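Some notes on the structure that comes next.
Readers should treat all values here as calculations from the given coordinates under stated rules, not as data from a laboratory. Values in this document were obtained by computation on a predicted structure and should not be read as measured data. In this analysis, Cβ positions are derived from the backbone assuming ideal geometry, glycine residues included, and neighbour counts consider all displayed protein chains.
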Amino acid sequence: MDKKYIERPQKFDKNQYNSNYSKKHYKNFSIVIKPELKEQIENYCKEENISKAEFLRRAFDILNTQKNK
C-alpha cells in the first residue's frame, strides 16, 4: 500500500472551532453615537474594569428594574 495517499484524520483547528462557536452563540450589532458618549462609556468601562458587553448588560438590568417598579 502506498503510504503517500493514506487518509489521515484532520487535526483539530482551534481557530475554526472558536469561529464556529462564536457564530452559533453570539450576535453582533453596532451603533452610531456621539464621540462624547463613546468616551464616557469607554471611561466607565475602564474605571470599572468591565467590557462594553458587561456595560450593556448592567445598563439593561437597571432599565428593566426601573421599568418593573
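Here is how the numbers come out for the structure above:
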| read-out | value |
| --- | --- |
| The chain: C-alpha gyration tensor shape, a/c 1.5 cut-off, then a/b vs b/c | prolate |
| Residue (of 64, 40, 20) at the positive-pole extreme of the chain, dipole from beta-carbon charges | 20 |
| Farthest toward positive dipole pole in the chain [+1 Lys/Arg, -1 Asp/Glu at C-beta], among 53, 29, 5 | 5 |
| Cβ-placed point charges (K, R +1; D, E -1), dipole of the chain about Cα centre in debye, nearest 20 | 380 debye |
| Neighbour net charge for residue 30 - beta-carbon separation under 13 angstrom, K R +1, D E -1 | +3 |
| Loop-resident sites, region 1-51, for trypsin sites (Lys or Arg not before Pro), counting at most 10 other Cβ within 10 Å (DSSP) | 11, 27 |
